[in-house]
Amino acid sequence: MAYTALFKSSIGKKLLMGLTGLFLITFLLVHASINAMIWFQDGGVTFNKWAHFMGSNLIIRTMEWGLFFGLILHVVDGLMLYAQNRAARPVKYAYNRAGDNSSWYSRSMALLGTLILLFLILHLAHFWVKTRITGIEKYGLDTENQENLFAVMQEVFRSGLVVAIYVAGCFSLFWHLLHGFKSAFQSLGLNHVKYNETIAVIGIAFSIIVPFVFAMMPISMHFGLVR
Amino acid sequence: MKFNLKVWRQKNAKADGRLVDYTIDNINVDMSFLEMVDVLNDELIRKGEDPIAFDHDCREGICGMCSMYIDGRAHGPHHAATTCQLYMRTFKDGDTIYVEPFKAKAFPIIKDLAVDRSAFDRIIAAGGFVSVNTGQAQDANSLPVEKEAAEKAMDAAACIGCGACVAACPNSAAMLFVSAKISQLAMLPQGGPERKNRAIKMVEQMDAEGFGNCTNIGACEAECPKEIKLTNIARMNREYLAATIIDE
Amino acid sequence: MSELNSKIPDGPLTEKWANYKEHAKLVNPANKRKIEIIVVGTGLAGASAAATLAELGYKVKAYCFQDSPRRAHSIAAQGGINAAKNYKNDGDSVFRLFYDTIKGGDFRAREANVYRLADVSRNIIDQCVAQGVPFAREYGGLLDNRSFGGAQVSRTFYARGQTGQQLLLGAYQALERQIGLGNVTMYSRHEMVELVTIDGKARGIIARDLITGKLERHFGHAVLLCTGGYGNVFYLSTNAMGSNVTASWKAYKKGAYFANPCYTQIHPTCIPVTGDYQSKLTLMSESLRNDGRVWVPKTKEDSEAIRKGTKKAEDIKEDDRDYYLERKYPSFGNLCPRDIASRAAKEVCDEGRGIVPSGFGVFLDFAAAIKRLGVDTVKARYGELFPMYQNITNEDPLKTPMKIYPAVHYTMGGTWVDYELMTTVQGLYCLGEANFSDHGANRLGASALMQGLADGYFVIPSTISNYLSPEIFTKPIPTDHPAFVEAENAVKERSEKLMSIQGKRTVDDFHKQLGKIMWEYCGMARTAEGLTKARDLIRELRKEFWSDVKIPGLLNDFNSEFDKAGRVADFIELGELMVVDALHRNESCGGHFRVEYQDQGEAKRDDANFAYAAAWEFKGVDTDPVLHKEELKFENVELQVRSYK
């Protein structure tokens, strides 16, 4: 059977969703770990060092394209699913108590995903565009003479509004992950009584910890808790 | 007991439907929901109005023919029960109850609350069987089956094909139904020789019928009158992926 | 047509079926494709027949009134299916299953048919297992069996409490496979409303499309009726709401004799009627009687107090309770056969000792079992049943006794068929519960599924070719043939007449009244006087129906009320025939108990005068039917009196 047919099928589509989702989850882990280095309280030296490595290493730069590709697949596949699923019930129920049988966030993955995407565009404009395209020379160098991404963060998060948007983005991510993490395993067929609980616990922990770490970054920057 | 009913009335597949209000009084708490509709229909007939069309047959929760969306839920608020096993004591006197048909593009409405679920039959026809002609069978005990596998196969086989999974699914997906049959036959040695082809064919037919995609919400499992588990969908995913990716 | 020829093959009992198959005429594969077969009904008998005939290469058209062939009422069977496999090594054999079935049927079934049934029972299990039916298994992976309905051997195969459902799904899947291959054309939501005969042979049907109301003509070289039982003539029964006699009745009116209509099985453990609105009676598995004790209070006063709600079951002291089955039948006690337990319940209720408001109900008490085994064991043993009872009645059987009463469950009578399952109309066959053949006057537990599948999978494929062999020269008859036109016109005329009445009473009104008459006079205990009266009442009811029924809606539309009306009209006529049959059978046997013919409360059979199947020939709605007798010869078993004391 041809792969195109596989990915046109409903199961193939959710497989793709799960695979790209898990791929993005691994990215989140890397991203959160590196960014956490802002809390070294060394004026961003360690953080800037790793940021430079990520921005200059050829392998990482290549993987970045992979990341974009994965993200686009995830988004396009997700929107396709959304459109098809809406079309599968042209006349809606007049009265529906969906909350009695499922969680709102599991039913709102497309909405949460869109919010995350909007946030992501803003986020890319804040950092990625500056580091990769327009350059951040004007922010000067840090004490180790490295490009100072740390300073960019300090500037961006001076605005309370931006911080609020980032925190909201992290909430969207939390709910998206809360369903998405274990859902990805189910889509891959990895549902087993022996391991389900472990997957669920890890999923919940991941959904809480990672967005929390992300949310704390703008907050602690804004309130001057990192120096 | 007295109830206000808002019932979906629709002349035929092409017409637009709408909710119509009815008030019904003197309802006994021990009545089943369908008996309450019988009483309402009796009143409508006596008044010279068209009674409400609805599907029902065995009225003991096993044939899978009854199919109402009651009070915003497939088969109503009662857990693990079909519409015919829903009793009026579940509701409070004076309640307003919405009664709608199962709604999905793949389940076109025939009239009022009756819908066409023949898509399910076509999915079974595509591969939900073991190809064994009558008379070809070997002795029943020549093929031992692990008890646990037999029990799990029976769990999946308990599906009555009512379509509540589709009705409850926000995406109108039919994966719980399809996976129950794929699972049952995948867990038994009798289903072995055809399992790859079965998974591919049944999924193909499911997609062709216009059901939505599964996003692992789990409403199907929660509303299934026979408590078919989501593990079946995971197993179907494995069966399908094994058949499409690994197979030559 | 006057002489009944049962076409029983020659030879010793054990070899008849093999001999028959070896000598039956065949149709060659190329010719099978040219032959069309109509199968009406898709329960165990219909689905298995349609699938098997299609596998053989015939062109099959199958019909069911439900929205899918998977919904036929065979699904409701809980207990199991018998087969003489002797996997338990407990002395079972084909002959023993044959003997038990004949005896259980009170010696009113045809020996050759029953032996064949017992014989092929083994193949059924093989076939179903091969289809993937998830029967219960032991830890070693082999099939589990249980003893059912008081049988002395464990020969019942089961799939939890869903045996019927699982067997039907097996047959349904086989049928869907043939539909997918294009060998079967399926007509769901279609009801057969007339049989078409040409030159004395069945050649097709008129079917009503239940969605559009349109009448359709369908041709077949042969027609198979697999349309189930007629228990709904009682209005309240354990049958599905849609179960009906219409197809068989149309056949009866076109010359297919109807046999033993009075043999009705009344199941003792059903949930009692609570009100007039009730549409259906729910069966509680017979297995409950293994641990439950049946009782009513000894005095009418206590019973009345319970009915009024001033006393509860728990308030009645042990000494004031009458465990009547244990008292009357010390050796079998609560496990005595269905017909006996049912009649005993009726007796105590007629004495005014019933314990539900209507007066018709008895207790089934688990207190003793709970004391002996503990709550958990009892709960585990009847896992699904107690919650089901509690859901329906809102009472917890672990705390207070269950209330039960007998209800109509199965009909042994039906269209008369010969050994080949052909009716008295050439080319018209009848399979499963719809025919009269294998259960005599009473059916044993776990044998209905067996018979349906035996007929469909194994009997009809072998016997039908004997008839179809010369039919290969018959070209499909175009449906503009005058016989089709005439049949359709007759249906149209009758339908329009029904719709034109626009009286005051609803269809259900009439159906309920018919049910009450049947239950009162032709139910568990029948008398000549009551039956005579019932016949008059039914005739009156028929006249009233045809002058005062109110059917809403349009003919050419989805119109459930009209569908019901057609069925009830036929039930009313059938009711009269049942009464006629019950009145003529001056004996008590199995599911037919005539109060005049008893020996201290026990049924008294009259083998000298009534060892025959009574096949009735239609002569007109207002004319008495003509009785044809098929003498039953018992060459291999000795007729005995059933005793459970």
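Quick notes
- Restricting attention to region C:42-65, the residues that are open to solvent by less than 10 Å² (accessible area, probe 1.4 Å) and either more than 16 Å from the chain's Cα centre (by Cα) or at positive phi (or both) add up to 13.
- Where B:D95 falls short, out of the listed (1) under 30 Å from B:P51 (Cβ atoms); (2) facing chain C (nearest Cβ under 10 Å): (2)
- Checking each residue in region B:135-178 for being small (G, A, S) and more than 8 Å from chain C (Cβ to nearest Cβ) picks out B:S142, B:A149, B:A156, B:G163, B:A164, B:A167, B:A168, B:S172, B:A173, B:A174.
- Total residues in region A:183-199, condition within 27 Å of A:M216 (Cβ to Cβ) and within 8 Å of chain B (Cβ to nearest Cβ): 1
- Looking only at region B:86-125, and only at residues there that are assigned to a helix (DSSP H, G or I) and open to solvent by less than 20 Å² (accessible area, probe 1.4 Å), the one that is farthest from B:V20 (Cα to Cα): B:A125
- Number of the exception - B:L241 against (1) assigned to a helix (DSSP H, G or I); (2) touching a residue at least 24 places away in the same chain (Cβ under 8 Å): (2)
- Answer from B:A219, B:A208, B:A174, B:A243 - the residue that is out of contact with any Leu (no Cβ under 8 Å at 6 or more places or on another chain), at pLDDT below 95, over 25 Å from C:G141 (Cβ atoms) and not hydroxyl-bearing (S, T, Y): B:A243
- With respect to (1) under 19 Å from B:F120 (Cα atoms); (2) at the interface with chain A (Cβ under 7 Å from one of its Cβ atoms); (3) among the β-branched types (V, I, T), the lone exception for B:I228 is condition (2).
- Region B:4-37, residues that are closer than 30 Å to C:Q390 by Cα, surrounded by fewer than 20 Cβ atoms within 10 Å (Cβ to Cβ) and of a type in the set (D, E, K, R): B:K6, B:D25, B:D30
- The residue pairs whose first member lies in region A:85-113 and is free of Cβ contacts under 8 Å to residues at least 60 places away in the same chain, whose second member is among the hydroxyl-bearing types (S, T, Y) and surrounded by 15 or more Cβ atoms within 10 Å (Cβ to Cβ), and whose beta carbons are closer than 6 Å, counting only pairs six or more residues apart or on different chains, are A:A88/B:S172; A:R89/B:S172; A:Y95/B:Y98; A:A110/A:Y82.
- Per-region count, region C:475-495, residues under 29 Å from C:N31 (Cβ atoms), surrounded by 16 or more Cβ atoms within 10 Å (Cβ to Cβ) and of a type outside the set (F, W, Y): 5
- Scanning region A:209-227 for residues that are open to solvent by less than 90 Å² (accessible area, probe 1.4 Å) and assigned to a helix (DSSP H, G or I) turns up A:V210, A:P211, A:V213, A:F214, A:A215, A:M216, A:M217, A:P218, A:I219, A:S220, A:M221, A:H222.
- Options C:R443, C:R494; residue that is basic (K, R) and under 30 Å from C:H267 (Cβ atoms): C:R443
- Qualifying residues in region C:287-312 (those that are among the β-branched types (V, I, T) and closer than 22 Å to C:L335 by Cβ) - the one surrounded by the fewest Cβ atoms within 10 Å (Cβ to Cβ): C:V296
Here is a yes/no grid of residues against (1) open to solvent by less than 80 Å² (accessible area, probe 1.4 Å); (2) touching a residue at least 24 places away in the same chain (Cβ under 8 Å); (3) away from chain B (no Cβ under 14 Å); (4) more than 30 Å from B:A242 (Cβ to Cβ):
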site: A:S9; (1), (2), (3), (4): yes, no, no, no
site: A:T26; (1), (2), (3), (4): yes, no, yes, no
site: A:I34; (1), (2), (3), (4): yes, no, yes, yes
site: A:I59; (1), (2), (3), (4): no, no, yes, yes
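- Candidate set from region C:138-193 (those that are within 10 Å of another protein chain (Cβ to nearest Cβ) and aromatic (F, W, Y)); member that is most open to solvent (accessible area, probe 1.4 Å): C:Y139
- Helices (runs of 4 or more DSSP H) within region A:87-199 that include 3 or more residues under 26 Å from A:G21 (Cα atoms): A:104-107, A:109-123, A:160-187
- Residue in region C:218-225 that is part of a loop (DSSP other than H, G, I, E, B) and away from chain B (no Cβ under 14 Å) present: yes
- Helices (runs of 4 or more DSSP H) enclosed by region C:31-137 - at least 3 residues per element that are away from chain B (no Cβ under 14 Å): C:94-104, C:111-131
- Subset of region C:6-30 that is among the small types (G, A, S) and in a helix (DSSP H, G or I) - its residue that is surrounded by the fewest Cβ atoms within 10 Å (Cβ to Cβ): C:A30
The values are calculated or read from the model by the stated rules, or taken from the named source; none is laboratory data. Worth saying up front: this structure is predicted, and the values here are computed from it rather than measured. Because the Cβ atoms are built from the backbone with ideal geometry, glycine has one as well, and the counts that use them run over all protein chains shown. Only protein heavy atoms, including side chains, enter the accessible area calculation; ligands, DNA and RNA are left aside. Shrake-Rupley method; radii C 1.70, N 1.55, O 1.52, S 1.80 Å.
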